Amino acid sequence: MSGGATLLAPSAAREPAAPDTSFGGFVARAAASGQLVVQPRMGFGDPHRMRDGLRRTRDAVATTVGTLTIDSYTRVGDQDAARAALREGTPLNGYPIATHSGEVTRALLEGVRGPAFPVQVRHGSSRPEGIVRALAAAGLDATEGGPVSYCLPYGRTPLAESVENWARCCELLAELVPAPRVPHLESFGGCMLGQLCPPGLLVALSLLEGLFFVRHGIRSVSLSYAQQTDPAQDEEAVRALRRLAAEFLPAGVDRHVVLYTYMGVFPRTARGATRLLEASARLAVRAGAQRLIVKTAAEAHRIPTVQENVRALETAAATAALCGRPTDPPGPADGEVYREARAFVEAVLDLAEDPGRALLTAFARGVLDVPYCLHPDNAGRSRSFVDADGRLRWSEVGAMPVAPYRDAPPGRALTADGLLVALGSVARRHDGPRARP
Amino acid sequence: MHILLSGTASDSHTWNLVYLQLFLEELGHRVHNLGPCVPDGLLAGACAADGPGRPDLVVVSSVNGHGYRDGLGAVQALRRAGVTLPVVIGGKLGVAGVPDPRQRRRLLDAGCDAVFDDGDTGALREYLDLLAGGGRAARQAVA
Ligand code: B12
């Protein structure tokens, strides 16, 4: 897998390669020609605005794929509320794909989406059947999620129910998008709650969800990692994810790595937000991720406009283009993050032959334990901190198969102010007058 | 005071809830955190709790942009169920990044005691002092 970007015309990845119209195929072709694919998180309730957003994403000076980000009512399965909000004219925080008719969604995609511009549905639902049916009915074939990553951060659905729903929906997606089309599924495991989760656990969760997808009939997957607090640690994490994917995913499964620009409390100034975005684009190229999902300068404040999304896409693409191709350092990617992630993966896969069962048992026993997660099926005994060098580490590990950091600060009780300081560390560093790039 | 802390029906964000729980506890209150994505029925049920766990105040938090609408639904459901406790709401309630005076008015008219739609926790602290001092203030838009 090679990432990297050169200053090719943005259309280089858009040559109509007739047979392969899949999302995974598009990303692979872009990577082969040295282009980082960039993608927005974009969703509006109004189909016209949504279409305009997709069109302008496609036309941005960048190699892009489009996104339908789904609204919160649809995510929690409250179609009545989504319908009522549309009727009242209350703006939604995403596109209600299961409420607008299939006809409306097909019309908004018509002439925009195509082999040269795939569109992915991003939703955050632990009960995704309605969304999967709606996206397939609209002719789409790429989406995102996972039994753990779309459950623990996204509400109160019991984990066992989410695992069952996701197993069924992987199979449903494979069935509704039959060969020669290739359905694509991305794990959100590399993000979880967006912040303060040490990289080893994020990498492991993403890989384990990838294995879960494959078990349930999906043959094209992407594994994710969200930028955290330290560029060097993040680079190690992306490389660890690539190595584990090569070691654990069956040959013949199409795969790539997607990086998310920082998913926690975002810088409040446009300058700080742009610096953080640019750092993520450089990280993507340096570490060999093939796709980057961007954040805009409006992130800390409100839902971004189409214009703000386009600006973020073009900023990221231009930054990536200036980086040149990465050269992987010699030797295996076996740093601290790799070793931690591998310890998690092996401990989980030892628990059961079936990945869904193994994940359930792992959470029940606290072998996997996401810090600061309120979900009742998460043990809640782990804690993390940002060390003096800016790396994210474990201070408490509960029953997890990793060790707390030797220089972890003595277990002080968490305070409200202490939490805000920890959550705001990345934003402060980028907003500050002498911000470190 | 005994405070019932709750997310709204469609909102899955939890860092706001983790933060507010610590914030309220440090002010000396006892907090029952209901977590994210709380349906109106669950919230009403928790308000009706009797005995030592009986709440004195409901604090609703939402940041996903559906807060005005979900908050309105929640407070209407509580008042319909006969809940007379003070109910306050705050966070990032709309998708526009600025408070919406019309939506705020609707929340107050529906029976919210205070609306902190710019997420100002300093203003919440003052409101709590007032409540603890015995007076239930007139409905206010704390901006
Ligand atoms: C982390 C994060 C996530 C994580 C959340 C994980 C979790 N379980 O918590 C993930 C990635 C899963 C996520 C998902 C989504 N998110 Co989000 N998320 C954020 C982010 C980056 C940080 C939030 C955070 O951690 N804040 C830290 C806490 C401590 O602060 P706070 O929440 O801002 O609350 C403060 C004040 O508002 C105030 N406050 C809050 N409540 C109350 C109540 C009262 C009474 C008072 C007085 C004060 C108060 O106190 C806090 C301290 O000052 C913000 C953007 C940002 N701020 O940078 C977006 C953001 C909140 N998310 C947003 C959205 C829309 C979503 C999604 C719907 C996806 C989407 N369409 O983009 C989903 C949620 C799905 C659902 N069902 O609701 C939007 C909301 C838009 C808006 N309101 O206009 C934001 C602003 C991003 C954006 N610009 O689009 N998100």
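The values are calculated or read from the model by the stated rules, or taken from the named source; none is laboratory data. Note that the coordinates shown come from a computational prediction; the quantities given were computed from them, not determined experimentally. All Cβ positions, glycine included, derive from the backbone under ideal geometry; neighbour counts span all protein chains shown. When the accessible area is computed, the model is the full protein with side chains, heavy atoms only, and any ligands, DNA or RNA have been set aside. Shrake-Rupley method; radii C 1.70, N 1.55, O 1.52, S 1.80 Å.
A:Leu313 meets the conditions (1) part of a loop (DSSP other than H, G, I, E, B); (2) within 16 Å of the ligand (Cβ to nearest atom) in every case but one. The failed one is (1).
Residue-by-condition table, conditions (1) within 9 Å of chain A (Cβ to nearest Cβ); (2) more than 11 Å from the ligand (Cβ to nearest atom); (3) more than 29 Å from A:Cys191 (Cα to Cα); (4) more than 12 Å from the chain's Cα centre (by Cα):
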{"site": "B:Leu5", "(1), (2), (3), (4)": "no, no, no, no"}
{"site": "B:Leu22", "(1), (2), (3), (4)": "yes, no, no, yes"}
{"site": "B:Gly28", "(1), (2), (3), (4)": "no, yes, yes, yes"}
{"site": "B:Gly65", "(1), (2), (3), (4)": "yes, no, no, yes"}
{"site": "B:Asp70", "(1), (2), (3), (4)": "yes, no, no, no"}
{"site": "B:Gln76", "(1), (2), (3), (4)": "no, yes, yes, yes"}
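In the stretch A:414-429, the count of residues that are of a type in the set (Gly, Ala, Ser), surrounded by fewer than 22 Cβ atoms within 10 Å (Cβ to Cβ) and more than 16 Å from the ligand (Cβ to nearest atom) is zero.
The requirement of being more than 26 Å from A:Ala240 (Cα to Cα) and not hydrophobic (A, V, I, L, M, F, W, C) is satisfied by A:Asn309. For the stretch A:217-248, the set of residues classified as of a type in the set (A, V, I, L, M, F, W, C) and open to solvent by less than 10 Å² (accessible area, probe 1.4 Å) consists of A:Ile218, A:Val221, A:Leu223, A:Ala226, A:Ala237, A:Val238, A:Ala240, A:Leu241, A:Leu244, A:Ala245, listed by residue number. Looking at A:Pro355, A:Pro401, A:Pro376, just one residue is touching a helix residue (DSSP H, G or I) at 6+ places or on another chain (Cβ under 6 Å), open to solvent by 40 Å² or more (accessible area, probe 1.4 Å) and under 25 Å from A:Ser149 (Cα atoms), and that residue is A:Pro401. Listed by first and then second residue, the pairs with beta-carbon distance under 6 Å, at least 6 apart or on different chains, first residue in the stretch A:35-57 and within 17 Å of A:Glu314 (Cβ to Cβ), second charged (D, E, K, R), are A:Val37/A:Arg291. Restricting A:Gly155, A:Gly94, A:Gly124 to those that are within 13 Å of chain B (Cβ to nearest Cβ), touching a strand residue (DSSP E or B) at 6+ places or on another chain (Cβ under 7 Å), closer than 30 Å to B:Gln103 by Cα and crowded, with 22+ Cβ neighbours inside 10 Å reduces the list to A:Gly94.
Number of residues in the stretch A:97-121 that are crowded, with 24+ Cβ neighbours inside 10 Å and part of a helix (DSSP H, G or I) equals 2. Yes or no: the stretch A:61-79 includes at least one residue that is free of Cβ contacts under 8 Å to residues at least 24 places away in the same chain, within 14 Å of chain B (Cβ to nearest Cβ) and either surrounded by fewer than 24 Cβ atoms within 10 Å (Cβ to Cβ) or assigned to a loop (DSSP other than H, G, I, E, B) (or both). Yes, there is a match, as at least one residue in the stretch A:61-79 is free of Cβ contacts under 8 Å to residues at least 24 places away in the same chain, within 14 Å of chain B (Cβ to nearest Cβ) and either surrounded by fewer than 24 Cβ atoms within 10 Å (Cβ to Cβ) or assigned to a loop (DSSP other than H, G, I, E, B) (or both). For A:Gly102, the requirement of being more than 22 Å from B:Thr14 (Cα to Cα) and touching a helix residue (DSSP H, G or I) at 6+ places or on another chain (Cβ under 7 Å) is met. Out of curiosity, is B:Ala46 outside any loop (DSSP other than H, G, I, E, B), within 14 Å of chain A (Cβ to nearest Cβ), closer than 30 Å to A:Gly380 by Cα and more than 16 Å from the ligand (Cβ to nearest atom)? Yes: the conditions hold for B:Ala46. Being assigned by TED's automatic domain parsing to the domain that holds A:Leu36 and surrounded by 24 or more Cβ atoms within 10 Å (Cβ to Cβ) is a description that does not apply to A:Ala251. Residues being among the acidic types (Asp, Glu) and in contact (Cβ under 8 Å) with a residue 24 or more places away in the chain are entirely absent from the stretch A:100-107.
Considering every residue within the stretch A:395-406, establish whether at least one is within 16 Å of the ligand (Cβ to nearest atom), assigned to a loop (DSSP other than H, G, I, E, B) and touching a residue at least 60 places away in the same chain (Cβ under 8 Å). No, because not a single residue in the stretch A:395-406 is within 16 Å of the ligand (Cβ to nearest atom), assigned to a loop (DSSP other than H, G, I, E, B) and touching a residue at least 60 places away in the same chain (Cβ under 8 Å). Take the conditions (1) open to solvent by 10 Å² or more (accessible area, probe 1.4 Å); (2) within 16 Å of the ligand (Cβ to nearest atom); (3) more than 14 Å from chain B (Cβ to nearest Cβ); A:Thr361 misses just one of them, which is (2). Remark: pairs (first residue in the stretch B:112-133, within 14 Å of B:Pro86 (Cα to Cα); second residue more than 11 Å from the ligand (Cβ to nearest atom) and modelled with pLDDT of 95 or more; Cβ separation under 7 Å; 6+ apart in sequence or on different chains) = B:Cys112/B:Val75; B:Asp113/B:Pro86; B:Val115/B:Arg104; B:Val115/B:Leu107; B:Val115/B:Leu108; B:Leu128/B:Leu27; B:Leu131/B:Pro86. Taken together, the criteria exclude A:Thr57 from residues that are β-branched (Val, Ile, Thr), within 14 Å of chain B (Cβ to nearest Cβ), open to solvent by less than 10 Å² (accessible area, probe 1.4 Å) and touching a helix residue (DSSP H, G or I) at 6+ places or on another chain (Cβ under 7 Å). Residues in the stretch A:139-152 that are more than 21 Å from the chain's Cα centre (by Cα) and open to solvent by less than 10 Å² (accessible area, probe 1.4 Å): none.
On inspection, A:Ala134 does not qualify as under 23 Å from B:Pro39 (Cα atoms), away from the ligand (no atom under 12 Å from the Cβ) and assigned to a helix (DSSP H, G or I). Scanning the stretch A:343-375 for residues that are among the acidic types (Asp, Glu) and assigned to a helix (DSSP H, G or I) turns up just one, A:Glu346.
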